[in-house]
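Reading through the structure tokens given below for one structure.
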Amino acid sequence: MVKILTKGHEQIIKPCHVVLKTTQAADDESSTALIFDRMRIHEKPREC
């Protein structure tokens, strides 16, 4: 079960990294903040 949850978080985090780079390059602060917050939520379980 933990492996399934971890895989799900990783599936969300990977595309977020790509989108984050794009929003930062475009100086889109609102989208960058939104993606960063989403990544923080999904990376938190990996830290435990």
Worksheet entry | Label-point separation, VAL2 to ASP27 (7 Å along Cα→Cβ), nm | 4.6 nm
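Expressed in nm to one decimal, what extension gain is obtained for the pair LEU34 and HIS17 from 0.36 nm per residue of sequence separation less their Cα-Cα distance?
So the chain would gain 4.9 nm between LEU34 and HIS17.
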Worksheet, complete the sentence: Computed over all unlike Cα pairs, the Kirkwood hydrodynamic radius of the chain in Å stands at 11.2 Å
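Every number here is computed from the coordinates shown, using simple stated rules; none is lab data. Remember, predicted model here, so these are calculated numbers, not experimental data. Note that we place each Cβ from the backbone using ideal geometry, even for glycine, and neighbour counts take in every protein chain shown.
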